[in-house]
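Below: the structure, in structure tokens.
The values are calculated or read from the model by the stated rules, or taken from the named source; none is laboratory data. Since this is a predicted model, take the numbers as computed values, not measurements. Methodologically, a virtual Cβ is constructed for each residue, glycine included, from the backbone with ideal geometry; neighbour enumeration extends over all protein chains shown.
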Amino acid sequence: MKKVVCYIRPHRLESVKSAISSVGVNGLSVTEVRGTGNSEERTAWFGGEQQLIALPIRSRIEVVVDDATVDEVLAVILENAHTGEEGDGKVFVEPIQDAIRIRTFERGDEAI
């Protein structure tokens, strides 16, 4: 099992979420976060004034999938989150040792 964590632009969230669902993965978590990666701080115009955007808003998606599905999930995330512009985000893949469904006590792939 793997946990895929991605940070994407908020306006790409619906298309990424739909794409993940289209490959048969329905369980995921979404959080609104603020942060910056390797990009330099930038400015934008708000209310006629130029202001520094130090920590832009991003959507964080977490999904746990079996090893056989991880490459397909990564492909649809990359395809749907990509704009080609700086700040598109990042994707991380982490190993998951075990999963347990509390209601039924199922473990491993059956629990996800």
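A few points about this structure:
- The combined condition, being in a helix (DSSP H, G or I), out of contact with any Ser or Thr (no Cβ under 9 Å at 6 or more places or on another chain) and modelled with pLDDT under 95, is fulfilled by Asp109.
- So Thr83, is it surrounded by 14 or more Cβ atoms within 10 Å (Cβ to Cβ), over 13 Å from the mean Cα position of the chain (by Cα) and of a type in the set (S, T, N, Q): no
- Qualifying residues in region 57-77 (those that are surrounded by fewer than 17 Cβ atoms within 10 Å (Cβ to Cβ) and in contact with a strand residue (DSSP E or B) (Cβ under 7 Å, 6 or more places away or on another chain)) - the one modelled with the lowest pLDDT: Ile57
- Of all residues in region 18-42 being modelled with pLDDT of 95 or more and out of contact with any helix residue (DSSP H, G or I) (no Cβ under 9 Å at 6 or more places or on another chain), the one that is nearest to Ile77 (Cα to Cα): Ser21
- A single member of Ala75, Ala81, Ala68 is among the small types (Gly, Ala, Ser) and under 25 Å from Ile100 (Cβ atoms), and it is Ala68.
- Test result for Glu32, out of contact with any Asp or Glu (no Cβ under 7 Å at 6 or more places or on another chain), within 16 Å of Lys17 (Cα to Cα) and touching a residue at least 12 places away in the same chain (Cβ under 8 Å): yes
- Gly87 being of a type outside the set (A, V, I, L, M), at positive phi and part of a loop (DSSP other than H, G, I, E, B): yes
- Single unsatisfied condition, Ser59 versus (1) of a type in the set (S, T, N, Q); (2) touching a helix residue (DSSP H, G or I) at 6+ places or on another chain (Cβ under 9 Å); (3) more than 28 Å from Arg34 (Cα to Cα): (3)
- Candidates are the residues of region 1-30 that are surrounded by 11 or more Cβ atoms within 10 Å (Cβ to Cβ) and within 25 Å of Leu52 (Cα to Cα); the one that is nearest to the chain's Cα centre (by Cα) is Cys6.
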